[in-house]
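Worksheet for the structure shown next.
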Amino acid sequence: MAAPEKRRPLIVEIKRNALDDGPGIRTTIFFKGCPLACTWCQNPEGIRTYPEIAYAPGDCLLCGACAAACPEGAIDLERRPYPVDRSRCRRGGSCTAHCPAGAIRLVGRYYSPAALAEIVSEDLPFYKNSGGGVTLSGGEPTLYPRYQASFLPALKFKGIHVNLESCGHYHRPAFEKYIQPYLDLVYFDIKLIDPAAHRRHIGRDNRRILDNFTALIRRGKVPVLPRVPLVPGITTAAENLAGIARFFKGLGLKRAALLPYNPLWLPKVESLGLESSYRCDRLMTPGEIEECASYFDAFELEVF
């Protein structure tokens, strides 16, 4: 078996009827915990492995029930915009259980592999009729190879299509032995091609990511769709996109997906009481997206 994992994986969300995370109608499971720390992370609640308290001020009734229920006295509703004192909070969830409006909630819940398989199997007829299935997302699902080795066989036994959305920073031997055999598709994100830029904006070198991607493509055991997140002022730089396109072309790839920037992650950061060094609060224009696509067109790569 794989080496025991340091912690049990928590689930941020089980999203049913998902249409953008692979073919057909899908259930997307967002695992909590990621080895990267992208400054623009679309799912900041999925970065840390431990539970977190999220607060939505627009839903708050200011009734004080959460503060009264907190055994550590970590909540002060006059403290804005985030009322929780992180130095005192133990993330036990007493506050969330007493909030009548759901304005304060605990992010991160554990499901046993069997329980999770049972939940996602409830929509089996929708998967089969639409060509859909289950998508592992996050966070980073490959952080938990031992868990996946218990969870994924139950899906394959029922004939459920499995897609993995990955940042690519995984331990390859564990991935190839305990996760890859159960996959039908991989969405693999390549964000920055330059190692220094990768460290600056993502917190780690990209060597393992590029090596894992290269191995996955060359071995050809599972279909792979490379994806490039478009982040204005960071990944959209001409030298970055041309470098990624050249890298793809060198591996014989024919197509890639571009993921235009979406600012919907910003309220999530605020709800967790966090700050970000990057801030762009607008969608990309069609012209900006077309310009990004042109760098891939130059290498005869189809993008969508």
Per the list (1) closer than 21 Å to Ala154 by Cβ; (2) outside any helix (DSSP H, G or I), residue check on Ala114 breaks on (2)
So how many residues does region 172-188 have that are in a strand (DSSP E or B) and buried (at least 19 other Cβ atoms within 10 Å of the Cβ)? 3
Would it be correct to say that Phe248 is modelled with pLDDT of 95 or more, assigned by TED's automatic domain parsing to the domain that holds Gln42, assigned to a helix (DSSP H, G or I) and closer than 18 Å to Cys167 by Cα? yes
When region 1-16 is examined, which residues are found to be aliphatic (A, V, I, L, M) and either buried (at least 17 other Cβ atoms within 10 Å of the Cβ) or at pLDDT below 95 (or both)? Met1, Ala2, Ala3, Leu10, Ile11, Val12
Among the residues of region 189-220, what is the count of those that are surrounded by 13 or more Cβ atoms within 10 Å (Cβ to Cβ), without any contact (Cβ under 8 Å) to a residue 60 or more places away in the chain and assigned to a loop (DSSP other than H, G, I, E, B)? 6
From (1) under 21 Å from the mean Cα position of the chain (by Cα); (2) within 28 Å of His201 (Cβ to Cβ), pick out the condition that doesn't hold for Tyr111. (2)
Are any residues in region 251-304 assigned to a loop (DSSP other than H, G, I, E, B), under 30 Å from Ile53 (Cβ atoms) and free of Cβ contacts under 8 Å to residues at least 24 places away in the same chain, and if so, which ones? Pro263, Glu275, Arg279, Asp281, Arg282, Leu283
Could you please find all residues in region 44-70 being among the hydrophobic types (A, V, I, L, M, F, W, C) and assigned to a loop (DSSP other than H, G, I, E, B)? Ile47, Ala56, Cys60, Leu61, Leu62, Cys63, Cys70
Candidates Pro71, Pro83 - the one that is exposed (fewer than 12 other Cβ atoms within 10 Å of the Cβ) and farther than 18 Å from Ile11 by Cα: Pro71
Could you list, in sequence order, the residues of region 54-87 that are free of Cβ contacts under 8 Å to residues at least 60 places away in the same chain and within 13 Å of Gly273 (Cβ to Cβ)? Pro57, Ala74, Ile75, Asp76, Arg79, Arg80, Pro83, Asp85, Ser87
Filter result for the condition that a residue is among the β-branched types (Val, Ile, Thr) and within 23 Å of Arg48 (Cα to Cα), over Ile179, Ile193: Ile179
Residues of region 114-148 satisfying the condition of being surrounded by fewer than 20 Cβ atoms within 10 Å (Cβ to Cβ), under 18 Å from His161 (Cβ atoms) and either modelled with pLDDT under 95 or not β-branched (Val, Ile, Thr) (or both): Glu118, Ser121, Glu122, Asp123, Leu124, Pro125, Phe126, Lys128, Asn129, Ser130, Gly131
Of the conditions (1) under 26 Å from Pro260 (Cα atoms); (2) outside any loop (DSSP other than H, G, I, E, B), His169 satisfies every one except a single condition; which number is it? (2)
Looking at region 234-260, which of its residues are under 21 Å from the mean Cα position of the chain (by Cα) and closer than 17 Å to Trp40 by Cα? Ile234, Thr235, Thr236, Leu258, Leu259, Pro260
Single unsatisfied condition, Ile11 versus (1) closer than 18 Å to Glu140 by Cα; (2) touching a Ser or Thr at 6+ places or on another chain (Cβ under 8 Å): (2)
Selection count, region 25-79, where residues are among the small types (Gly, Ala, Ser) and farther than 16 Å from Leu264 by Cβ: 9
Flagged in region 208-233 as under 28 Å from Pro263 (Cα atoms) and more than 19 Å from the chain's Cα centre (by Cα), in numbering order, are Pro232, Gly233
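The values are calculated or read from the model by the stated rules, or taken from the named source; none is laboratory data. Every value quoted in this text rests on a predicted model; they were computed, and no experiment measured them. Note that we place each Cβ from the backbone using ideal geometry, even for glycine, and neighbour counts take in every protein chain shown.
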